[in-house]
1. Yes or no: the stretch 108-119 includes at least one residue that is touching a Leu at 6+ places or on another chain (Cβ under 6 Å), under 22 Å from Arg71 (Cα atoms) and surrounded by fewer than 21 Cβ atoms within 10 Å (Cβ to Cβ).
2. Is there a residue being without any contact (Cβ under 8 Å) to a residue 24 or more places away in the chain, of a type in the set (A, V, I, L, M, F, W, C) and under 19 Å from Ala41 (Cβ atoms) anywhere in the stretch 90-97?
3. So Ala139 fits all but one of (1) part of a helix (DSSP H, G or I); (2) touching a Phe, Trp or Tyr at 6+ places or on another chain (Cβ under 7 Å); (3) of a type in the set (A, V, I, L, M); what number is the exception?
4. I need the helices (runs of 4 or more DSSP H) fully contained in the stretch 6-110, keeping only those with at least 1 residues that are more than 27 Å from Leu135 (Cβ to Cβ) and either touching a Cys at 6+ places or on another chain (Cβ under 8 Å) or at pLDDT 95 or above (or both).
5. What residue, of Gly100, Gly84, is more than 24 Å from Gln162 (Cβ to Cβ), over 17 Å from the mean Cα position of the chain (by Cα) and without any contact (Cβ under 8 Å) to a residue 12 or more places away in the chain?
6. If you scan the stretch 153-193, which residues turn out to be surrounded by fewer than 21 Cβ atoms within 10 Å (Cβ to Cβ), of a type in the set (D, E, K, R) and under 26 Å from Ala117 (Cα atoms)?
7. Return only the number of the condition from (1) assigned to a loop (DSSP other than H, G, I, E, B); (2) on the phi < 0 side of the Ramachandran plot; (3) modelled with pLDDT of 95 or more that Gly193 does not satisfy.
8. Step by step: first the residues of the stretch 43-53, then only those that are in contact with a Lys or Arg (Cβ under 9 Å, 6 or more places away or on another chain) and of a type outside the set (A, V, I, L, M, F, W, C), then the one that is nearest to Val69 (Cα to Cα). Which residue is that?
Amino acid sequence: MSHSFLPVLIAALLAGTATAASHDAAYQAYQKGDYARALPAYRAAAQKGKPLAQYNYAMMLWRGEGTPVQRDEAVIWLRKAAEGHLAQAQYALGLLYENGERLPRSQVDATHWFLLAAQQGHTDAQTSVATQYFLGRGAPKDMVQAARWYLKAAEGGDVGAQYIVATMYEKGEGQPHDLAEAWRWYEAAALQGDPAAAIRARDLGQRLRQAGAASRP
């Protein structure tokens, strides 16, 4: 499940420099690999109710950095951070529910936490909640809601979401049938290195050019 959690230094950026500065000693120690100093510093800040510190402390417990691995305890602190409205913590808690790791598997709870993080602009959470609506997993199957959240993730630069949005425009699923928009999103994904999107963008571009030529007098 290591893919579920970003490095602590990335999490620090989510809450902005003011919050990061409030436990600068912990952050600096972690950056230096001094987990023996970082762990108690994050714990002290976590105990004061700082969601970012709660998340970072949870991640150190989860990874066993400066301490033996303590994943049940990590989940407790992760939940505190999620309840404190930290988007990355909400997304991570959703992943635990989705995979049934250290928590009972629950797609409904996964969707709940993904949605909260998605509403704060967390791109991975937007993709995850879109997928929940797309599949009808932990939420009613709703192609309009799926398209809405895939589009937000696509606008945030998620290449997979860009490809999916393109296919939805191409097929008219959850979005109006719009080949020009489909081409635009295939092209966006292609520019990020998606080879399948590049093929679709080329083929659809040819279709659009042919249609345009045929419509001219």
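The values are calculated or read from the model by the stated rules, or taken from the named source; none is laboratory data. Predicted model, so just to flag it, every value in this text is computed and none were measured. Counting neighbours? That spans all protein chains shown, and the Cβs are built from the backbone with ideal geometry, glycine included.
1. No, the stretch 108-119 has no match at all.
2. no
3. Among (1) part of a helix (DSSP H, G or I); (2) touching a Phe, Trp or Tyr at 6+ places or on another chain (Cβ under 7 Å); (3) of a type in the set (A, V, I, L, M), the lone unmet condition for Ala139 is (1).
4. 35-47, 51-63, 71-83
5. Gly100
6. Glu155, Glu173, listed by residue number.
7. Looking at each condition in turn, Gly193 falls short on (2).
8. Of everything passing the filter in the stretch 43-53, Pro51 is nearest to Val69 (Cα to Cα).
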